[in-house]
Amino acid sequence: MTNRTLRLATRGSALARTQAASVQDALASRRLDVELVEVETEGDKIQDRLIHRLGKTGAFVRALDERVLDGEVDAAVHSMKDMPTEKPNGLVVAGVPERAPAGDVLVTREGHDIDELPEGAVVGTSSLRRQAQLLNYRDDLEVEPLRGNVDTRVEKLLATHLQREHEKRIENDKERQGKRGKVDHEDEFDQTAEEWFDSLSELERQAMSRKVDTEYDAIVLAEAGLKRSGLLDKISYARLPRSHFVPAPGQGAIAVTASDDDAIDLIHDKLDHARTRVETTVERTILAELGGGCIAPVGIHALLQGKHVHVDVHVLATDGSEAIKTSRDLPVGTHADAARDFAADLRERGAGQLIEEAEVNAEDE
């Protein structure tokens, strides 16, 4: 294995390629030749449906793993939160690199936090979990669908505001020209429309040309995705309070799947981060026991703290009207078994019923 090129399957989106490149770089730094192979998934092909309507079968995952099982590639790189808890026979998560920040952020033009949004503000998200958490925290908000790559979503937030600003500046330029170039009249802007456009960032210029049906006051995105996309320092954002906005299981983590024993051993030895492996195992074990996958609004976050793994779990009704919120410290030595017991207790407390209702609602849509 070390004498030939390791082929890694990845989705073709900018974020997916960046994540795969980080895995490629990590393996290359250990003197391995690595080639990335782009694969189009069902989720990439279907752009007019929300994530939960694509089902629990791994719309962004399955096509890549099929290439692994067919022997066309040695491994596949995934965003862990996109992965179904049930894996095909013969496939294992060979490597879990160190996780990026796991939480969600609220992106606005001004950097407002969620308490500063005006009453009735329109917030965009493609996630049922985020929708439920937003409405549970502030039931006055209007939550509207939002899909697309990370940069596309940010552009949709910025588009209408920038377009209006551009129109105002064009009108001001016309008025200025009507005064035959006189500059002693009161002028609303200190730049022409062209000068203003030239001062915009590339992201803002891209937003200017985007047509959108909904004007968003804010959008919710994963901090990890923004960071990996290089957008975190180009936007205004505020972290959502973790006490009310528990992230999706595995959010911020990358998983590398493989089926060949040599590839599994190699990837695990070179990439696996022990702490992240424990934390994400707890999160995904609880999710598997609860069921629901991306169909139900479930937030689970685990943090290894010495001899215990602290876990926060939120299970919500789709409209945010009900929520079961609890935490527990699990012994690290038996973290997987303890996670299963925790999930069983959650089901008895009503989490199972909320998930079943969410699944029924999703089927009815």
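The values are calculated or read from the model by the stated rules, or taken from the named source; none is laboratory data. Keep in mind the model is a prediction, meaning the values are calculated, not measured. We place every Cβ from the backbone using ideal geometry, glycine too, and count neighbours over all the protein chains shown. Just the protein is used for accessible areas: all its heavy atoms, side chains included, with ligands, DNA and RNA removed. Shrake-Rupley method; radii C 1.70, N 1.55, O 1.52, S 1.80 Å.
Quick notes on this structure:
- Near pairs, Cβ below 8 angstrom, 6+ apart or cross-chain, from region 1-28 (closer than 21 Å to residue 227 by Cα and outside any helix (DSSP H, G or I)) to any residue that is open to solvent by less than 30 Å² (accessible area, probe 1.4 Å) and at pLDDT below 90: 11/41; 11/60
- Only residues that are closer than 28 Å to residue 224 by Cα and in a helix (DSSP H, G or I) were counted in region 141-177, giving 13.
- Among residues of region 211-232, those that are open to solvent by 30 Å² or more (accessible area, probe 1.4 Å) and farther than 17 Å from residue 14 by Cα, counted: 6
- Pick from region 240-261, criterion farther than 18 Å from residue 127 by Cα and in contact (Cβ under 8 Å) with a residue 40 or more places away in the chain, ranking: surrounded by the fewest Cβ atoms within 10 Å (Cβ to Cβ): 260
- The criterion of at least 2 residues that are over 30 Å from residue 332 (Cβ atoms) and touching a helix residue (DSSP H, G or I) at 6+ places or on another chain (Cβ under 8 Å) is met by the following strands (runs of 3 or more DSSP E) wholly inside region 178-287: 218-222, 236-239.
- Of note, residue 104 satisfies the criterion of being buried (at least 23 other Cβ atoms within 10 Å of the Cβ), under 19 Å from residue 247 (Cβ atoms) and of a type in the set (Asp, Glu).
- Flag set for residue 111, criterion: in contact with a strand residue (DSSP E or B) (Cβ under 7 Å, 6 or more places away or on another chain), more than 30 Å from residue 275 (Cα to Cα) and at pLDDT below 95.
- The lone exception for residue 116 - which of (1) open to solvent by 20 Å² or more (accessible area, probe 1.4 Å); (2) farther than 19 Å from residue 161 by Cβ; (3) modelled with pLDDT of 95 or more it fails: (2)
- For residue 237, the conditions (1) open to solvent by 40 Å² or more (accessible area, probe 1.4 Å); (2) touching a His at 6+ places or on another chain (Cβ under 9 Å); (3) at pLDDT 95 or above all hold with the exception of (2).
- Matching entry among 337, 319, 341, 329 (being of a type in the set (D, E, K, R) and part of a strand (DSSP E or B)): 329
- Yes/no for residue 157 being modelled with pLDDT of 95 or more, on the phi < 0 side of the Ramachandran plot and open to solvent by 20 Å² or more (accessible area, probe 1.4 Å): no
- Residue in region 282-298 that is hydroxyl-bearing (Ser, Thr, Tyr) and closer than 18 Å to residue 251 by Cβ present: yes
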